[in-house]
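Worksheet for the structure shown next.
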Amino acid sequence: MKIRLALAGLLLMGSLTACSRVPGVYAYEKDGTVRAGAAAPFDPRTYVDGIWASKVLPTVQQNAVDVTTVAAAIEKDPAAAGRQYGKRTGTGSPFAYLVKGTGTVTEVDTDAPTGPLTVEIPGAKPLKISIATGPVVAGTAIRDGVGFIKFGDFTNQIDYQNVANQLNNRVKTDVITKVPVKDLKGKKVTFAGAFSALAPGSILVVPTDLTAS
């Protein structure tokens with residue numbers, strides 16, 4: 001009996017030891033640190049660095065639709081406009097649109113957290129939109145609008161949201177800092193970017209490209 005118990009104990013210890021060496025299995029030392037087998041934590045900055053220039057910017061440039069076309073379609077039939085021009089992460093989520101355009105800055109609001117530029121787009125029916133210039137650039141418009149960043153590609157919702165946040169950070173560092181925002185009133189700007197249809201008649205573009213002339 002004692003021999004059988006001893007053998008069972010040895011087998012149990014052996015199986016636990018072997019399991020700790022299986023790739024992807026976390027093995028913890030007494031001090032709580034993780035050793036061999038632990039997966040590296042997800043880094044949203046590294047992820048976005050790898051797709052910003054090679055995928056995000058080209059996707060916006062290739063797929064952006066004139067903002068006046070999108071705005072007119074939304075005004076006529078929001079659901080049909082979403083199906084034709086937008087993308088969304090799931091039923092009930094707002095549609096995100098990739099848009100582009102050229103217009104004149106009529107107002108620069110440096111008091112609001114998003115620092116919106118009011119831009120008037122010429123046409124038979126002039127359209128006024130806003131472009132976010134920060135310091136707060138929030139939302140998931142770029143992540144959702146490009147269409148190739150899927151929730152199923154990530155381990156959890158936090159990683160998925162952090163990708164959206166990091167994309168917005170790249171807008172602040174790579175796009176907005178290159179434009180003299182406070183001096184833009186009365187000037188013409190050309191832009192491309194994304195917006196989420198959060199409220200009827202409201203368009204706040206998060207720019208991936210913004211130039212002034």
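A compact table of results
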| item | result |
| --- | --- |
| Flag for Val146 being open to solvent by 60 Å² or more (accessible area, probe 1.4 Å), touching a residue at least 12 places away in the same chain (Cβ under 8 Å) and either farther than 16 Å from Lys187 by Cβ or in contact with a helix residue (DSSP H, G or I) (Cβ under 9 Å, 6 or more places away or on another chain) (or both) | no |
| Residue in the range 79-88 that is in a loop (DSSP other than H, G, I, E, B), small (Gly, Ala, Ser) and open to solvent by 20 Å² or more (accessible area, probe 1.4 Å) present | no |
| Residue count, the range 170-201 (criterion: surrounded by fewer than 19 Cβ atoms within 10 Å (Cβ to Cβ), under 25 Å from Ala72 (Cβ atoms) and in contact (Cβ under 8 Å) with a residue 24 or more places away in the chain) | 5 |
| Thr46 vs. criteria part of a loop (DSSP other than H, G, I, E, B), open to solvent by 60 Å² or more (accessible area, probe 1.4 Å) and either polar (S, T, N, Q) or modelled with pLDDT of 95 or more (or both) | no |
| In the range 166-213, the residues that are over 21 Å from the mean Cα position of the chain (by Cα) and in a helix (DSSP H, G or I) | Val181, Lys182, Asp183 |
| Looking only at the range 95-119, and only at residues there that are in contact with a helix residue (DSSP H, G or I) (Cβ under 8 Å, 6 or more places away or on another chain) and farther than 18 Å from Val179 by Cβ, the one that is most open to solvent (accessible area, probe 1.4 Å) | Phe95 |
| Filter result (in a helix (DSSP H, G or I) and open to solvent by 30 Å² or more (accessible area, probe 1.4 Å)) within the range 156-165 | Gln157, Ile158, Gln161, Asn162, Asn165 |
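The values are calculated or read from the model by the stated rules, or taken from the named source; none is laboratory data. Quick caveat: nothing in here was measured; it's all calculated off a predicted structure. Ideal geometry is used to build each Cβ from the backbone, glycine not excepted, and the neighbour counts take in all protein chains shown. The accessibility values were calculated without ligands, DNA or RNA, using every heavy atom of the protein model including side chains. Shrake-Rupley method; radii C 1.70, N 1.55, O 1.52, S 1.80 Å.
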